[in-house]
Amino acid sequence: MSEVNIEKELKRQEEITDMLKDILLLRYDNRQPLAFVHTYGCQQNVADSEKIKGMLINMGCALTEDKNEADIIIFNTCAVREHAEDRVFGNVGQLKQLKRKKPSLLIALCGCMMEQQHIAEKIYKSYPYVGLVFGTHVIHKFPELLYNAVTGGKRLIERGYDDGQIYEGIPMRRDGSFKGWLSIMYGCDNFCTYCIVPHVRGRERSRLPEDVLGEARSMVNAGFKDITLLGQNVNSYGKGLDIQTDFASLLKSAAEIDGDFWLRFMTSHPKDASKRLIDVMAENNKICNHLHLPFQSGSNRVLKQMNRRYTREKYLEIVEYAKSRIPDLSITSDVIVGFPGETYEEFCETLDLIREVKFTSLFTFIYSPRVGTPAAKFPDPITHAEKAKWMDELLKLQEQIAAERCAGMVGKTYRVLVEEQAREGVLNARTQNNIIVELKAEPELIGTFQYAKVTEARNWILRGDIIKEP
Ligand code: SAH
Ligand code: SF4
Ligand code: F3S
């Protein structure tokens, strides 16, 4: 499909959006329909939901946080682990009552889970009150799908069409006003053996630099202070584009945009994390001293089985370089415990790596088999209970490391972005290296940069006072 056709397609969707305004008004007795959108999973899904919300608003809907009063309910789902899927099934089950009370209620499910054939079939069979199911590749067609679901009088499932295109210009309503996500690419080509993402998100494709930078500029002009560039593997940005570019260049150009803001990015894949990327981070103040670099396992044998395509040594080499170039660098990571066939000795190599790197924080997961991925067929003799014990051991170690790091921050002053109210009279602020500091302050400061002197560390919770610019 050529660029022109994408424009035409989006124009067609706009026309359907206009028609839907009247159709929805009629359906809901001439009052503004209320839409509830709930997002599961990662920032990629959050960014997709922002598009769905943008389209809903253009259809004349208002957004609500209360599903009990909603006329349209949309769940944007995640398939990364079984637990995530179970939560969705549980919550969809609860909607049955709402639909019974309000037959005009429209229930739609979208996102990564829906790209799996067996899930779409299960929804169709077991949840007859779900009127619309659509996958990650057809978000741009949401107005048309909703139109067909409303006017067609029958249930609709649309999924499985990865046309490899990027639909620039889909309407969007961002959730935040000062902290936001900016997708620079979609999909993933890495096929780690445990992971469902490439199967449900399709092939990797990068947005053009001018589109990304244009959006970044308009976010800065709109007052955004913290922008995270998003992709499953940002380090392979630019592959497949006709022009010569890479992630380090894109990041550098984004950091050159005028304005007082912070730039973050995720996720970096260690196999492609270059020294040049670290140099760009070190040389640009606006790029936060924070690197999210998932290592998954500390054992070379397990890494090979996972198809991660780096070794423990290569991982540590890039970490060492990054630490040497960026003082105060905060490194966070993802780790999987109990990959099929992992032995306790191999798990101990993971603990060793954690001790060596001293991560600021870790996202920790017990391995969860995913239908259709190679690892789901690997022999997996260790029981879940045993894996849970390993996990406890890992969490204890990480808590100790985090507490030590926090204690080392007491007495120091940091520039922070005040983000939200933690509780009455207390606000959460974030340092650029991604550590939360609690401050006693009024909510008017939310969304502003301040200087905070850390006064106290209780385990891994920091408290501080706002001070004048040092
Ligand atoms: N693209 C990112 C990660 C996306 S998924 C990357 O490569 O780092 C987020 C995290 O979920 C992964 O890093 C991994 O730690 C975890 N994960 C993915 N599939 C999983 C599975 N089947 N079981 C347990 N954890 C999993
Ligand atoms: Fe999944 Fe690996 Fe792709 Fe990350 S890089 S999304 S873990 S396949
Ligand atoms: Fe989940 Fe899809 Fe993200 S599977 S982690 S929402 S890409």
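The values are calculated or read from the model by the stated rules, or taken from the named source; none is laboratory data. Keep in mind that what you see is a predicted model, and the values were worked out from it rather than measured. A quick note on method: Cβ atoms are made from the backbone with ideal geometry, for glycine too, and the neighbour counts reach across all protein chains shown. The area values use the complete protein model at the heavy-atom level, side chains included, leaving out ligands, DNA and RNA. Shrake-Rupley method; radii C 1.70, N 1.55, O 1.52, S 1.80 Å.
Below is a table of values for the structure above.
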read-out	value
Accessible area (Å², 1.4 Å probe, nearest 10) - His83	130
Computed accessible area, Arg207, all protein chains, 1.4 angstrom probe, square angstrom	10
Residue order for Lys53, Lys314 - accessible surface, 1.4 angstrom probe, largest first	Lys314, Lys53
No Cys partner within the rule (Cβ under 4.7 Å), the chain	Cys42, Cys61, Cys78, Cys110, Cys112, Cys188, Cys288, Cys348, Cys406
Eligible lysines near Lys468 by straight Cα distance, threshold 28 Å, same-chain separation 8 or greater	Lys179, Lys225, Lys286, Lys412, Lys440, Lys453
Segment 46-114 shape via C-alpha gyration tensor axes, a/c threshold 1.5	oblate
Net charge contributed by nearby residues that have their C-beta within less than 15 Å of Lys67 (K/R +1, D/E -1)	+3
With Cα atoms, 0 to 90° folded angle of helix 344-357 axis to the chain main axis	70
On Cα atoms only, tilt of 117-126 relative to the major axis of the chain in degrees	50
Computed Kirkwood radius, in angstrom, where 1/r is averaged over Cα pairs of the chain	23.9
Virtual spin-label span in nm between Thr413 and Tyr451, 7 Å along Cα→Cβ	0.3
Entries of Lys304/Lys396; Lys53/Lys323; Lys51/Lys377 with Cα pairs more than 32 Å apart	Lys53/Lys323; Lys51/Lys377
Prolate/oblate/rounded label for segment 1-143 (Cα gyration tensor, a/c 1.5)	oblate
Percentage relative contact order, segment 3-158, counting C-alpha pairs under 8 Å, at least six apart	22
Cα centroid of segment 361-440 to Cα centroid of segment 61-91, whole Å	25
Inter-part distance where segment 320-338 and segment 7-34 are each reduced to a Cα centre, Å	47
Selected from His137, Pro374, Ser274, residue furthest toward positive end of dipole (the chain; charges at beta carbon)	Pro374
